[in-house]
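Here's the structure, in C-alpha cells; my notes come after.
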Amino acid sequence: MADINAVAQQFVTYYYQTFDANRAGLGPLYRPNSMLSFEGAQTQGADAVVEKLASLPLDGLRHNVSTMDAQPADGGVLVLVTGQLLASGESNPQFFTQNFLLKPDGGSYYIQNDIFRLVYGL
C-alpha cells in the first residue's frame, strides 16, 4: 500500500495549485461517479463538477493550507484539509475546510467525493 500521507500531500499540493491557476484543469481528477458538495449544493459527474468549480466567482484566489490529515479508507485515502482563502485585492482571509475521498485508478487516484465548506466565525 502507498504511503497515504505522501499521497495526500502530493494530491493537496497539486489540487490547490491547479485550482488557483486554472480550475478547468481539475477535470482529470474527477470521474462520472464523483460527487462535489460545495457549500451544501451537490453536483455529480466530472463535467458537472468542473463546470461548477469554473463558474465560481473566485478570480485571483489563493489557497493557504493550514492542516492536512489522511487516513486509509476502503482501499482509498480520506483527506481532510483546513486553511484560508485569500481573494485578489482582499486583505482578510476566509477560512475553509475541505474533505476528499481519493480512490485508486490505475497507478494514480481520482476524487470520488469532495466536500467544501467555508468556516464562519461565531
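None of the figures in this text is laboratory data; all of them are computed from the coordinates on show. Note that this is a predicted model, so its numbers are computed, not measured. Every residue, glycine as well, gets a Cβ built from its backbone with ideal geometry; the counts of neighbours run over all protein chains shown.
Here's how it looks for Y110: its modeled amide H is under 5 Å from those of K103, D105, which are all 5 or more places away or on a different chain. As a length-normalised measure over Cα pairs under 8 Å and 6 or more apart, the relative contact order of the stretch 4-119 settles at 25 percent.
Annotation for Q71 and D3: the two label points, set 7 Å from Cα along the Cα-Cβ direction, are 2.2 nm apart. According to the square roots a ≥ b ≥ c of the eigenvalues of the Cα gyration tensor, what is the shape class of the stretch 1-106, taking rounded for a/c under 1.5, prolate for a/b larger than b/c otherwise, and oblate for the remainder? Here the stretch 1-106 falls in the oblate category.
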